[in-house]
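To start, the structure under review is shown below, and the notes come after it.
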Amino acid sequence: MSSSRLSYAVASGGLVLPDSGPVVLYGAPGDADLPVAAERARVVQGFRPDVEAWEARGLPASPALPDKAAAVIVTLPRARDLAEDRIARAAALATDLVVVDGAKTDGIEAIAKALRSRVEVLGQVSKAHGKCLWFRAPGAAQALSGWRRPDRLDTPDGITAPGVFSADGADPASVALAAVLPATLKGRIADLGAGWGWLSREILTRSGVTSLDLVEADHSALTCARANVTDRRAAFHWADATRWAPAAPLDAVIMNPPFHSGRRADPALGRAFIEAAARVLAPHGQLWLVANRHLPYETALDTLFRDTTEIGGDTRFKILHAARKRR
């Protein structure tokens, strides 16, 4: 875990954090170790389940960077462009130290090599299939200015942001799902895991839809969705889709659920989305979803619904329809 690397660096690796001033934990997961006293920590996190985990530990978390910090500890995200952007922002924010902590599978080796060509790395530890390294912030902001990314990206399909799912444009699986949705779709609908809103926008082309709840855990993606989906029938929820509850049971759920935890394929995540869909649907409600061909979701669907049918797809993914929710 990244937290064990950070603790090891502080305990045995020579990492000395500033003894005063705020320390920002940038992108730290909800179970990360706390390297400073809680009153000095500022958690910057945009993923709702991690925000809730920090809040359960008594520490508020926010997607926004604070105005000042003595040190910033960056937990490396999966996307390279987002990783570079966060490190550059950290260097501009910190008055003393920037720490970068990441797993090999998240690209820490390439980031470490790139950093060494731009700043003086003061120390590094290797542990648990990853690295933790640190450098002085003064002077680094200019050296890393080329790593800054814009807050929003303009694509032919809509506004996205660095690091969000399918940031280059509409996901092909969502495009295929939208193509098979009935023109007669109507009532109160939710898009669980709505991302930056492409599929939601397609759902709202059906005039019978009376309301659409966009539920998304990634704050950055949801911010993009607000810009992309301007229909008055849309409502936006920064929430864990597996725990979100609507005001009243829904007529339909439509979704392209995530299936990765970090870089690991995790079918349990998709099953949790299916269970959430069944929970929020009215007895007559219907579910449409798209999933990678190899993911074994049919068993979960058959457990929760009387009727499950594959209605489209190709060698890469399948589109499933479920109805008649079991009591």
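List the residues of the stretch 12-56 whose backbone N lies under 18 Å from a point placed 7 Å from the Cα of E120 along the Cα-to-Cβ direction. Those under the cut-off are 14-18.
For the chain, the per residue solvent-accessible surface stands at 45 Å², with DNA, RNA and ligands left out and a 1.4 Å probe. The long axis of helix 2-11 is offset from the longest Cα principal axis of the chain by roughly 10 degrees.
Here the accessible area is traced with a 1.4 Å probe on the protein chains. For the chain, carbon and sulfur cover 51 percent of it. Local charge for G158 was computed over the other residues whose Cβ lies under 13 Å away, with Lys and Arg +1 and Asp and Glu -1, and equals -2. Each Lys and Arg contributes +1 and each Asp and Glu -1, all at the Cβ; summed about the Cα centre of the stretch 78-235, the dipole is approximately 180 debye.
A straight chain from A268 to A245 at 0.36 nm per residue would run longer than the Cα-Cα distance by 6.3 nm.
Which FRET efficiency, nearest 0.05, do R206 and A38 yield, Cβ-Cβ r, R0 51 Å? Approximately 0.60, to the nearest 0.05.
Here the spin labels are modelled as points 7 Å beyond Cα on the Cα-Cβ line, and at E310 and K104 they lie 3.6 nm apart.
Relative to the longest principal axis of the Cα atoms of the chain, helix 267-280 runs at roughly 50 degrees.
Each part gets one Cα centre, and for the stretch 90-160 versus the stretch 242-321 those centres are 36 Å apart. Considering only E120, E216, E275, the mean-square fluctuation computed in a Gaussian network model of the chain, springs between alpha carbons under 10 angstrom, is largest for E120.
If you count the DSSP beta bridges with both ends in the chain, what percent of them are antiparallel, to the nearest 5? So the antiparallel bridges amount to about 45 percent of the total. For a Förster distance of 51 Å, can you work out the FRET efficiency between the beta-carbons of R327 and A64, rounded to the nearest 0.05? Approximately 0.70, to the nearest 0.05. The charge dipole of the chain, taken about the Cα centre with unit charges on the Cβ atoms of Lys, Arg (+1) and Asp, Glu (-1), comes to about 240 debye, rounded to the nearest 20.
Between the Cα long axis of helix 80-93 and the first principal axis of the chain there is an angle of about 50°, rounded to the nearest 10.
The values are calculated or read from the model by the stated rules, or taken from the named source; none is laboratory data. Worth saying up front: this structure is predicted, and the values here are computed from it rather than measured. Note that we place each Cβ from the backbone using ideal geometry, even for glycine, and neighbour counts take in every protein chain shown. Each accessible area value is taken on the protein alone, full model and side chains, heavy atoms only, with ligands, DNA and RNA left out. Shrake-Rupley method; radii C 1.70, N 1.55, O 1.52, S 1.80 Å.
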